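Please read the structure below before turning to the comments.
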Amino acid sequence: MFTFNLDDHKYKKLHFLGIGGVSMSGIALLMAKNGFQVSGSDRSDRDNLQILRDNGIEIYIGQKKDNIKDQDLFIYTDAILPDNEEYIAAVDTGKEVVSRGVFLGALMRNYEKSIAVSGSHGKSTTTSMISKMLVESPEDPTILLGGFFDDIKGNVLAGSRDFLLTEACEFKGNILHYYPSTAVILNISEDHLDYYRDLDHIIETFEGYMDHLDENSKVILNIDDENTHSLLDHIKGEAITFSTKDEKADYYAHNISYSEEGYPSFDLRFKDGTIEHYDLGFMGGYNIYNAMAAIAASYENGIELAPIHRALNLYKPLHRRMEVIGHYHDATIMTDYAHHPIELQATLEPLNEHKKNRLVCVFQPHTFSRTKALLNEFADSFYACDEVIVTDIFPAREKFDPTIHSKDLVDLLKKNKVNARYIADFDGAKEYIQETIEKDDLCLTTGCGDPDVLAKMIVE
C-alpha cells in the first residue's frame, strides 16, 4: 500500500500529470503550502494555472516526456491514458507513480478527522456547505473542493492537521482508496459507464468502500435513495441515516415548504431529539438533502448548532451551481454544472416553476460514453424547458466516437415533442441566443465541460 507522510518529506519533489483539473490543482496547491516542491503539466493553459504559478508551482504546457526530470513522486489524473508520453517517461524512471485517488487516500491518513463526501450528485455543493460550517466554527480545517468557493477564495484551504474535508468521487473506483473517519453518501445512480459495467457494479464498489472503513468510522447515509440500502450491511462503524420520508431516520426533515423564489425551508429533527428550523437562501428541493448531509456531518464531528445555523444563513452556492452570470436584453443568463439526467431534471424543474417568461437551456453533453449510455434518459430530462439547444459533445478525456452525436439527442427530444435544435459551437449558440432572447427569459447554459464560457459570451 502506498503511504505518504506530510512530515517525512521522503518525496521532496512532486510532479502532477494533468495538474489543471479542479481536484489535481487543489491537491497540488495544498502540497506547495505544506512545503513540497511542486511541478505539473497540462494539455493547455487555463485560468487556475496562474494561481498555481503565483504559489511557486512550475507549470509545463503540453504533456511531453521532457517534463520528467528529477522529481521524486508522480501523481496522475484519471484522464491520463496509458499511451501518454509523459506518463510513460514517469514510469520509466522507476520511481513511484500513483493515481490522484491513491494519493488522496494516503493523504487522508495524515489528519486526525477526515470527512469525505460521495454520491453521484451534490458532492461539491454538500462539501462547500460543510466548508462554510467549519469556517464559521473554531476549527482550522483543511479543505479540498470540486469548485471555486468564494468563502475560501478558491477550491483549497490549507489549515491544520486536525480536520480534512474533501470530495470523494467514485470514478474508476477511487473511493476504494479512501479511508475517512466520516464518509457521507448522498445518493447512487448510473454514471461513469465508461468504467462501470452497470448500476450493480457501482453499488458493489460503494459496498467495498464501506467494507474497508474501520469500526471507529461513521457513515452518513441518505436512506431515501434505495440504491444505498445494501450499504447498511457493510458498515462496521456507526451508520447515521437522513431522510425526508422515514421518521425513524437519525436526521429527519419535515414541515418542508418553499418561498415564492423556490427557496426551501424545513424543520430538522436530530437523532438526539433536537428540532431546528432552517431556511435555505437558494433554489432546489434536492438541496434539502445536501443541507441535511452537511448538518449531520458537521454536528457528528463536534460542530455546534450556532455556527451550523450561521453558516447556512450566510451560505452562497459554488460558482457554476445555478449561478447568475448577468443579463442580456432584460433576460437572465445563468450557468450550472448539471450534466447527468437526474441532475438536469432537478435543476430545470424548479427554474421552470419560478420563471417569468421562457426557460431556454443550452446543454453541452459531456463525454461520448455518457451521452451514448444515457441517451434515452437525457431525452426525458428537458420537459421543463421551452427551448433546448444542444451543442457538440465535450470529449474531456475521451477520443472521438463516430457512433454518437449531439444530433441523436436532438432527434429524440423532437420525438418527445420538446422544442430542440442542434448548434455545433458556442459562437453559433451565442448568436442564436442574442437574436431570439426575449424580455424576462431565463437562459441556462449547463454541463460539466465549459458552458460557463458561453454564458459569459452571451452577457459580454
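The values are calculated or read from the model by the stated rules, or taken from the named source; none is laboratory data. Just so you know, these numbers come straight off a predicted model, no measurement behind them. Note that each Cβ is placed from the backbone with ideal geometry, even for glycine, and that neighbours are counted across all protein chains shown. The accessibility values were calculated without ligands, DNA or RNA, using every heavy atom of the protein model including side chains. Shrake-Rupley method; radii C 1.70, N 1.55, O 1.52, S 1.80 Å.
Numerical summary
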item: Whichever lysines have a C-alpha closer than 19 Å to that of LYS69, once near sequence neighbours (fewer than 8 apart) are set aside; result: LYS10, LYS12, LYS13, LYS95
item: Solvent-accessible surface ranking, highest first, for TYR432, TYR11 at 1.4 angstrom; result: TYR432, TYR11
item: Percent accessible area from carbon and sulfur atoms, the stretch 213-295, protein chains only, probe 1.4 Å; result: 43 percent
item: Probe 1.4 Å, accessible area per residue of the stretch 95-140, Å²; result: 27 Å²
item: Three-way shape call for the stretch 261-303 based on the alpha-carbon gyration tensor, with the a/c threshold at 1.5; result: prolate
item: Within the accessible area of the stretch 85-137 (1.4 Å probe), percent carbon and sulfur; result: 42 percent
item: Ratio Rg/Rh, restricted to the chain and using Cα atoms, in which Rh is the Kirkwood radius; result: 0.96
item: Highest to lowest packing among 343-352, 442-451, 190-199, scored as the average C-beta count within 10 Å; result: 442-451, 343-352, 190-199
item: Per-pair calculated FRET efficiency, R0 = 60 Å: ASP45 and GLU276 via Cβ, rounded to 0.05; result: 0.80
item: Inter-centroid distance (Cα atoms) of the stretch 1-70 relative to the stretch 210-235, Å; result: 34 Å
item: Sparse-neighbour loop sites [trypsin sites (Lys or Arg not before Pro); the stretch 81-158; at most 12 other C-beta within 10 Å; DSSP]; result: LYS153
item: Entries in LYS236/LYS399; LYS236/LYS316; LYS271/LYS355; LYS316/LYS439; LYS356/LYS430 that, when Cα-Cα distance is taken, lie over 32 Å; result: LYS236/LYS399; LYS236/LYS316; LYS271/LYS355
item: Accessible surface, per residue, of the stretch 161-286 when the full set of protein chains is kept, probe 1.4 Å, Å²; result: 42 Å²
item: Two-decimal Rg/Rh across the stretch 328-460, once Rg and the Kirkwood Rh are taken from alpha-carbon atoms; result: 0.94
item: Antiparallel DSSP beta bridges within the stretch 217-266, percent to nearest 5; result: 20 percent
item: Accessible area (Å², 1.4 Å probe, nearest 10) - ASP92; result: 120 Å²
item: Cα→Cβ-extended label distance, 7 Å offset, between GLU398 and GLU238, nm; result: 4.2 nm
item: Amide N of the stretch 357-395 lying under 11 Å from the label point, which is placed 7 angstrom from the Cα of ASP194 along Cα→Cβ; result: 366-372, 394-395
item: Segment LEU176-LYS33, extension gain: residue separation times 0.36 nm, minus the distance between their alpha carbons; result: 48.8 nm
item: Computed log₁₀ I(q)/I(0) - Debye formula, equal Cα scatterers, no solvent, the stretch 225-292, q 0.17, 0.23, 0.25, 0.29 Å⁻¹; result: -0.65, -1.00, -1.10, -1.28
item: In order through the stretch 314-326: 3J(HN,Hα) via Karplus (6.51 cos²θ - 1.76 cosθ + 1.60), integer Hz, x for Gly, Pro; result: 8, 5, 10, x, 4, 4, 6, 10, 6, 8, 7, 7, x
